[in-house]
Amino acid sequence: MKITVVAGGVGGAKFLRGLREHLRQVAPDGAGGSTAEVTVIVNTGDDLWLTGLRVCPDLDSIMYTLGGANDEVRGWGRLGESERVSAELTAYGVGWPWFTLGDLDLGTHITRSHLLREGLTLSEATAQITARWNLGVTLLPMSDQPVETHVVVADDTEPDGTRTMHFEEWWVHYRASLPALRFEQHGLETAVAAPGVLDAIIGADVVLLAPSNPVVSIGTIVTVPGIRAALQSTAAPVVGVSPIISGAAIRGMAHACLSAIGVPTAADAVGLHYGARSAGGLLDAWLIDESDAALAPALETAGLRVASVPLWMTSVDTSAALAAAALAEAAGLTV
Ligand code: GDP
Ligand code: CA
């Protein structure tokens with residue numbers, strides 16, 4: 001079975017770890033731990049050059065999590081990390097002191113930057129970097145072209161009353177506390193889907209939209225030319241998982257992104273924002289939390305199948321149960 005997942009960073013990583021665990025449980029003797037082939041289309045709209053290095057936050061969040069090398073307590077970066085190099089960079093006055101790149105993590109960024117300067121595409125560099133980690137899934141960047149998300153915020157001290165900054169500055173430095181007027185995604189409209197991305201959607205048996213940021217992760221990926229059309233035309237069922245539970249973005253600041261595009265922070269609003277494929281949208285089915293079950297009728301009226309299941313990914317087991325529910329919903333759509 002070919003499963004294609006569309007994913008951002010931390011929410012995507014937790015969901016994928018559950019999916020891989022579920023597949024191992026149902027087919028422990030299969031090739032590579034399971035008979036399913038999982039391809040992940042990863043957001044690269046948060047990528048940036050920092051102190052001469054190409055940093056791809058979402059690719060690395062997924063790689064470290066599936067590689068068993070992420071810091072579970074902090075929620076991002078490498079386990080057992082140290083920050084000696086970053087301290088030196090700060091002493092030299094370069095980089096962003098609030099965007100610490102740990103020493104082990106820097107090894108990844110140096111390798112990626114080296115490969116890109118040697119002339120490899122981001123897809124080729126990603127294949128080489130992920131080969132070390134035995135992930136059990138294939139990670140594809142959404143595009144080999146750089147896409148940079150910038151955030152426009154109000155600023156009275158500027159002549160035009162606005163200021164623009166890289167998404168990561170707004171997200172990490174300001175913790176999304178400056179109200180976003182809009183997002184500008186440089187390079188997105190001319191980006192080309194990376195090799196294998198459209199085929200992975202068209203040729204899939206199941207497509208899953210991970211519970212990732214609907215605006216700057218999933219929203220970015222589906223705006224790469226060709227990807228939305230592939231999702232709309234694939235014969236595979238497309239099942240999405242809500243990143244919003246009981247009107248809150250879990251462990252995140254997705255609400256600050258949703259409000260910038262005028263979408264309420266609610267599981268029904270995000271499902272309706274994606275829309276039913278039968279009505280020109282992206283989804284066949286939408287998984288919402290049990291606590292949001294009352295929202296189901298409005299979503300069903302809009303043409304979506306809805307399942308209310310536990311959406312909290314508090315452990316590998318709860319993530320695996322969620323992935324199983326998403327696959328069961330997909331199976332229900334194919335019979
Ligand atoms: P980022 O790129 O690191 O910001 O991560 P993603 O785009 O993959 O997803 C971040 C979003 O994942 C958060 O804003 C949450 O809405 C969602 N999320 C995080 N943990 C959970 C969880 O346990 N369950 C669900 N359903 N969503 C979650
Ligand atoms: Ca991200």
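The values are calculated or read from the model by the stated rules, or taken from the named source; none is laboratory data. This structure is a prediction, so every number in the text was calculated from the model and none was measured. Here the Cβ positions follow ideal geometry from the backbone for every residue, glycine too, while neighbour counts run over all protein chains shown. For the accessible areas, the whole protein counts, side chains as well, though only heavy atoms, and no ligand, DNA or RNA atoms are used. Shrake-Rupley method; radii C 1.70, N 1.55, O 1.52, S 1.80 Å.
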Dipole in debye (nearest 20) - the chain, about Cα centre, beta carbon charges: Lys, Arg +1; Asp, Glu -1: 460 debye
Nearest 5 percent is fine: what portion of the DSSP beta bridges confined to the chain is antiparallel? 40 percent
Roughly to the nearest percent, how much of the accessible area of the chain is carbon and sulfur, given a 1.4 Å probe? 55 percent
Solvent accessible area, Å² - residue 183, 1.4 Å probe, full protein context: 40 Å²
Please arrange 92, 274, 174 by accessible surface area, largest first, computed with a 1.4 Å probe and ligands excluded. 92, 174, 274
Stokes-Einstein D (µm²/s) once Rh is taken as the Kirkwood radius of segment 209-335 over alpha-carbon pairs, at 37 °C in 0.692 mPa s: 225 µm²/s
Please give the per residue accessible area of segment 40-139, computed with a probe of 1.4 Å over protein heavy atoms only, in Å². 46 Å²
Taking R0 as 22 Å and r as the Cβ-Cβ distance between residue 87 and residue 173, the FRET efficiency 1/(1 + (r/R0)^6), rounded to the nearest 0.05, comes to 0.75
Quick one: net charge around residue 234, please, counting Lys, Arg +1 and Asp, Glu -1 for every other residue with C-beta under 12 Å from its C-beta. 0
For residue 133 and residue 186, what does the FRET efficiency come to when R0 = 30 Å and r is the distance between their Cβ atoms, rounded to the nearest 0.05? 0.50
May I ask you to list, by number, the DSSP H helices of the chain whose Cα span along the axis is at least 18 Å and whose average Kyte-Doolittle hydropathy reaches 1.0 or more? 316-334
Given the rule -39500 (n - 2.57) for each run of at least 4 DSSP H residues, summed and divided by the residues of the chain, what is its mean residue ellipticity at 222 nm, to the nearest 500 deg cm²/dmol? -10500 deg cm²/dmol
Euclidean distance between Cα centres, segment 229-248 to segment 1-80, Å: 18 Å
Charge tally in the Cβ shell below 14 Å around residue 188, where Lys, Arg are +1 and Asp, Glu are -1, residue 188 excluded: -4
Just to be sure I understand: of the beta bridges DSSP finds with both ends in segment 1-83, what percent are antiparallel, rounded to 5? 40 percent
Kirkwood Rh for the chain from C-alpha pairs, in Å, is 20.3 Å
Taking R0 as 25 Å and r as the Cβ-Cβ distance between residue 229 and residue 117, the FRET efficiency 1/(1 + (r/R0)^6), rounded to the nearest 0.05, comes to 0.15
Over the Cα atoms of segment 46-141, each weighted equally, I'd like the Debye log10 I(q)/I(0) at q = 0.11, 0.17, 0.19 Å⁻¹, rounded to two decimals. -0.31, -0.75, -0.93
Extension gain, residue 316 back to residue 2 (0.36 nm per residue minus Cα-Cα distance, nm): 110.9 nm
What does DSSP give for segment 184-335 in terms of the percent of beta bridges that are antiparallel, rounded to the nearest 5? 15 percent
